[in-house]
1. Collect the residues in the range 63-93 that are touching a strand residue (DSSP E or B) at 6+ places or on another chain (Cβ under 6 Å) and either among the small types (Gly, Ala, Ser) or without any contact (Cβ under 8 Å) to a residue 24 or more places away in the chain (or both), keeping them in residue-number order.
2. For the range 43-75, enumerate the residues that are of a type in the set (Ser, Thr, Tyr) and within 16 Å of Asp4 (Cβ to Cβ).
3. For the range 10-37, enumerate the residues that are of a type in the set (Val, Ile, Thr) and surrounded by fewer than 16 Cβ atoms within 10 Å (Cβ to Cβ).
Amino acid sequence: MPVDVRLPTVLRQHAGGMASVKANGTTLAEVFDDLVRQFPGLAGQVVTDNGTLHKFVNVYVNDDDVRYLDKLETKVSDDDVVSILPAVAGGALATN
């Protein structure tokens, strides 16, 4: 059964403009492989060429950050929602 994958605005252009897509797999790596099979423009956007998550994205399975789980080997099932979010960088706010 496929899992639901939520895409950030910046990646939707590679998936026909869709905010949510379905992908098959039992691990996050398999889900991302299936996403690239369906939408070749996503290649290299979430997973690097050496098979790790890009540092500029955060990935969650349901509400759990996969960096604190098993990263790309995190198990998924058909009830799960995978969310890809752009990482936010910043610094201290200046106050006057």
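1. Ser83, Ala87
2. Residues of the range 43-75 of a type in the set (Ser, Thr, Tyr): 48, 52, 60, 68, 74.
Matches in the range 43-75: Tyr60, Thr74.
3. At the first step, the residues of the range 10-37 found to be of a type in the set (Val, Ile, Thr) are 10, 21, 26-27, 31, 36.
Those that are of a type in the set (Val, Ile, Thr) and surrounded by fewer than 16 Cβ atoms within 10 Å (Cβ to Cβ): Val10, Thr26, Thr27.
Here, each number is a calculation from the coordinates, and none is a lab measurement. The shown structure was predicted, so the numbers you read here are calculated from the model rather than taken from an experiment. No Cβ is skipped: glycine too gets one built from the backbone with ideal geometry, and neighbour counts run over all protein chains shown.
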